[in-house]
Amino acid sequence: MADTTYEATEPQSQQCEALPPIRNLNANNELPSYMSEVYDWAYVDPQKVDWLDRNIVVKTLLFGNDQRLMRRYLERIRPGTRVWQVAHVYGDLVSKVAQRVGAKGSFHLTDITPAQIAHAQRKIGHLPWARVIRHDASHFQNDGKPYDLVCSFFLLHEVPEEWKQAVVNNMLAQVVPDGEVIFVDYHKPAWWQPIGYILRVVNHLLEPFAKALWEREISSYADNADQYNWDKRCIFGGVYQIVRVTRKA
Ligand SMILES: C[S@@+](CC[C@H](N)C(=O)[O-])C[C@H]1O[C@@H](n2cnc3c(N)ncnc32)[C@H](O)[C@@H]1O
């Protein structure tokens, strides 16, 4: 199994000093080492991305739950909503988000991988209200203008622990006080769910950072979790979680 300990790339001279604040993780937006070492086959190699970027791949990976999971996100969007999605997803999800947001809203999509950025650009780059931005989600900021809705659709299980923490905190920081953050991701399956046994093998072989979401609540990554309401729903025998986060009054 791949080594799951990753650190942000820092100049040699800084490596002996105290660790940088977590928000500065990957401040130069370089490709994090976990992307090339663990996910090259999925998101970095442009030819493989060309081959994988299809709805049928998403449907297969999510055991047919793709539309159900996407609906939980899409139904939170009204025409005119300002949305930040932290990472690209294969297939037509980003086109659907852009359509629902419409010309009166804005849709900002970030991703760290050039091949994924190129695909996203092809899908939504022509829409004046959509922007595709190469940026690490752990410290992206939209010139201080917060969003109504911020969504992570299956990013957290693919990043190391320190990135999970930084991404969760940054998402919470980039939303307006009455806005919403939504996480759609894996969760610990119920003992009786047979898919859980398949996922144990998949996680062991391909997804070294996913198991943490079986063991920890997403809220546990937030610095000020008690300032928010965390509404968690699980579907498909606990395999997936949809967590909606709003600020307490
Ligand atoms: C959303 S996740 C998993 C999605 C799912 N497997 C699918 O169907 O596409 C995959 C994306 O996250 C991106 N990514 C990984 N680490 C990132 C980071 N720190 N910031 C922004 N994007 C990141 C990858 O480049 C990739 O495009």
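Going by average Cβ neighbours within 10 Å, how do the peptides 182-192, 69-79 rank, with the highest at the top?
The densest-packed peptide leads the list: 182-192, 69-79.
Please work out, to two decimal places, the log10 of the ratio I(q)/I(0) at q = 0.24, 0.25, 0.32 Å⁻¹ from a Debye calculation in which every Cα of the range 156-200 carries one identical scatterer.
-0.88, -0.91, -1.13
Using the Cα centre of the range 20-181 as origin and beta-carbon charges of +1 (Lys, Arg) and -1 (Asp, Glu), tell me which of VAL97, LEU52, TRP163 is placed farthest towards the positive end of the dipole.
VAL97
Ranked highest first by the average count of other Cβ atoms within 10 Å around their residues, in what order do 227-240, 208-221, 149-162 fall?
Final packing ranking: 149-162, 208-221, 227-240.
Of the peptides 27-40, 194-207, how do they stack up when ordered by the mean number of other Cβ atoms within 10 Å, highest first?
Descending packing order for the listed peptides: 27-40, 194-207.
Kindly count the pairs of lysines across the chain whose alpha carbons are less than 13 Å apart, treating pairs on different chains or eight or more residues apart as eligible.
The number of close lysine pairs in the chain is 4.
What do you get for Rg/Rh over the chain if you use C-alpha atoms and the Kirkwood form of Rh?
With Rg and the Kirkwood Rh in hand, the quotient comes to 0.94.
Any idea what the dipole of the chain comes to, in debye rounded to 20, about its Cα centre with Lys/Arg Cβ at +1 and Asp/Glu Cβ at -1?
Rounded to the nearest 20 debye, it is 1380 debye.
Would you mind computing, in nm to one decimal, how far apart the modelled labels at GLU161 and TRP51 are, each placed 7 Å from Cα along Cα→Cβ?
3.5 nm
Pairs of Cα atoms under 8 Å, at least six residues apart: use those to get the relative contact order of the chain, whole percent.
Averaging sequence separation for qualifying contacts and normalising by length gives 18 percent for the chain.
Taking all pairs of distinct Cα atoms, average 1/r, flip it, and tell me the Kirkwood hydrodynamic radius of the range 126-249 in Å to one decimal place.
15.5 Å
Every number here is computed from the coordinates shown, using simple stated rules; none is lab data. Keep in mind it's a predicted model, so treat the numbers as computed, not measured. Using ideal geometry, Cβ is built from the backbone for each residue, glycine included, and neighbour counts are taken over all protein chains shown.
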